[in-house]
Amino acid sequence: GDSGGGGGGSSAAALLLLRSVVAVVHNGAAVHSTHQYAALREVNVDGTARLLALATTAPHCRGVVHVSTAGVVVADVTATATTKLVHPTARLTAHASGYAQSKWIAEQLVWRHARTTPR
């Protein structure tokens, strides 16, 4: 469905569907390399928050798979050419694009959800 602010998940049909959901794969995003964070927040951050809330209300849902982007990975270009993931408590650099910022914040929501939601 649409992860924008259209109220998805509140219709009777969506609520009925939630009863049969066993897993959620979230692959949706607004992608634009030159847009600022504010233009991408509704879909990438708020949409992720809404999806996590809906997944929590689905009685048989065992988890959420969140597909993100390489834009939130920090490359440690060394002689061994390793790539390290940013720890969830790390901060983005000031030069990160609005897209990377929105996806990083969405990841923080997913990390918090994973740590605090009993399954």
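The values are calculated or read from the model by the stated rules, or taken from the named source; none is laboratory data. Predicted model, so just to flag it, every value in this text is computed and none were measured. With ideal geometry, Cβ positions are generated from the backbone for all residues, glycine too; neighbour counts draw on all protein chains shown. Areas reflect the complete protein model, heavy atoms only, side chains present, ligands, DNA and RNA absent. Shrake-Rupley method; radii C 1.70, N 1.55, O 1.52, S 1.80 Å.
Leu40 meets each of the listed conditions (1) closer than 26 Å to Leu16 by Cβ; (2) at pLDDT 90 or above apart from (1). Kindly indicate whether Ala90 is surrounded by 10 or more Cβ atoms within 10 Å (Cβ to Cβ), at pLDDT below 90, assigned to a helix (DSSP H, G or I) and more than 16 Å from the chain's Cα centre (by Cα). Judged against the criteria, Ala90 is not a match. For the residues Ala100, Ala79, Ala96, Ala75, the requirement of being open to solvent by less than 60 Å² (accessible area, probe 1.4 Å), modelled with pLDDT under 90 and not in a helix (DSSP H, G or I) singles out Ala96.
Just one of the numbered conditions (1) open to solvent by less than 80 Å² (accessible area, probe 1.4 Å); (2) more than 21 Å from Leu17 (Cβ to Cβ); (3) in a helix (DSSP H, G or I) is not true of Gly47; which one? So the condition that Gly47 fails would be (2).
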